[in-house]
Amino acid sequence: MTSKAKAWIGAMRLHTLPVSVAGVLTAGGCAAYYHSFRTLPFLICLVFAIGAQIVSNFANEYFDYRNGLDRKGRDGFRRGVTEGDISPRAMRNATFALLAAVCLTGCSLIVWGGWWLIPVGIAIALFALAYSTGPYPLSHHGLGEIAVIIFFGIVPVVMTTYVQTLSWDMLPVTGWLSAAVGLMGTNVLIVNNYRDIEDDRLSGKRTLAVRWGRKAVARLYLANGFMATALIEIATALRVDPLWQFGILAYINLHFLIWIRLVNTEGPDLNPILGRTAMLMAGVSIWLLIELSCS
């Protein structure tokens with residue numbers, strides 16, 4: 001593989017993509033629980049979600065470089081544009097080209113969900129850019145975590161379930177689970193900002209970690225896991241066989257162990273913790289998909 005290809009793959013931040021996959025997988029389980037799983041809209045939602053996150057990652061890299069918020073040799077994963085591996089123009093063009101492709105993909109869901117899905121798609125497209133740019137970039141003002149809960153939790157779980165079931169009857173389940181997925185996704189962002197707190201403070205980027213400090217966001221990370229566990233239990237405890245609860249028990253124990261590593265780690269050594277947080281989130285979503293499908 002060429003160094004240029006590696007730079008583009010790095011810009012996609014594959015280690016974070018479980019965040020977008022988790023919501024769709026969870027929604028697949030919700031639809032299957034009501035015997036309404038549809039393969040094609042499910043797969044389209046999956047492609048749309050992954051594409052939208054890559055757009056957001058590309059935009060974050062391009063606009064942070066353009067605004068002088070990145071530096072060479074940072075503790076986080078290598079930034080291709082800042083390090084000179086990818087030209088700013090190429091990243092800008094790739095961002096908007098992929099955004100157009102994602103929007104076209106999303107439009108195909110109109111076949112199942114109706115024309116009213118267009119405003120939802122527009123909101124998702126705007127979020128992909130507004131996270132890093134615009135008059136009030138969300139990631140620069142401590143609003144990234146809230147945005148993740150909405151656009152990587154509530155929106156994908158609720159909407160992916162809807163385009164399969166064409167019903168809101170699942171809201172008593174999807175509502176709780178979407179919030180749980182959002183909280184787990186927020187933890188991935190918390191690790192990222194926890195690692196970058198000094199760089200962000202120097203560049204004037206007011207993330208939640210910068211505003212609250214390391215100790216407070218580390219506690220939030222721990223609390224998010226327990227809140228996600230409680231929400232999953234509310235949604236599933238009376239709907240599935242009790243044996244399935246071993247899955248959530250495994251999650252909360254692994255979450256606690258990762259938190260212990262988080263508070264005792266600094267700098268680049270936090271990168272694997274970010275990946276483990278994302279993979280644990282993916283594991284929970286796979287477990288929910290299987291659990292709900294078998295119930």
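The values are calculated or read from the model by the stated rules, or taken from the named source; none is laboratory data. Not measured: the values here are computed from a predicted model. Quick reminder, even Gly has a Cβ in these numbers, built from the backbone with ideal geometry, and neighbours come from all protein chains shown. The protein model used for the area step is the full one, side chains on, heavy atoms only, and it has no ligands, DNA or RNA in it. Shrake-Rupley method; radii C 1.70, N 1.55, O 1.52, S 1.80 Å.
A few comments on the model shown:
- Answer from R66, R92 - the residue that is crowded, with 17+ Cβ neighbours inside 10 Å and closer than 25 Å to G204 by Cβ: R92
- Unique residue being β-branched (V, I, T), open to solvent by less than 30 Å² (accessible area, probe 1.4 Å) and at pLDDT 95 or above when the list is I248, I258: I258
- Matching residues, segment 217-245, being aliphatic (A, V, I, L, M) and loosely packed, with under 12 Cβ neighbours inside 10 Å: L238, L243
- I9 vs. criteria closer than 30 Å to D169 by Cβ, within 20 Å of the chain's Cα centre (by Cα), open to solvent by 40 Å² or more (accessible area, probe 1.4 Å) and not acidic (D, E): no
- Enumeration of residues in segment 120-134 that are hydrophobic (A, V, I, L, M, F, W, C), open to solvent by less than 60 Å² (accessible area, probe 1.4 Å) and closer than 30 Å to A7 by Cα: A123, I124, A125, F127, A128, L129, A130
- Residue match in segment 273-289 (condition: assigned to a loop (DSSP other than H, G, I, E, B), open to solvent by 20 Å² or more (accessible area, probe 1.4 Å) and closer than 24 Å to S36 by Cα): no
- Test: residue in segment 28-35 that is surrounded by fewer than 24 Cβ atoms within 10 Å (Cβ to Cβ), free of Cβ contacts under 8 Å to residues at least 12 places away in the same chain and part of a loop (DSSP other than H, G, I, E, B): yes
- Qualifying residue in segment 106-119 (condition: open to solvent by 30 Å² or more (accessible area, probe 1.4 Å), aliphatic (A, V, I, L, M) and under 23 Å from W8 (Cα atoms)): no
- Considering residues of segment 137-170 that are closer than 30 Å to D200 by Cα and aromatic (F, W, Y) only, the residue surrounded by the most Cβ atoms within 10 Å (Cβ to Cβ): F152
- One residue alone among F48, F58 is more than 26 Å from T207 (Cβ to Cβ) and of a type in the set (F, W, Y), and that residue is F48.
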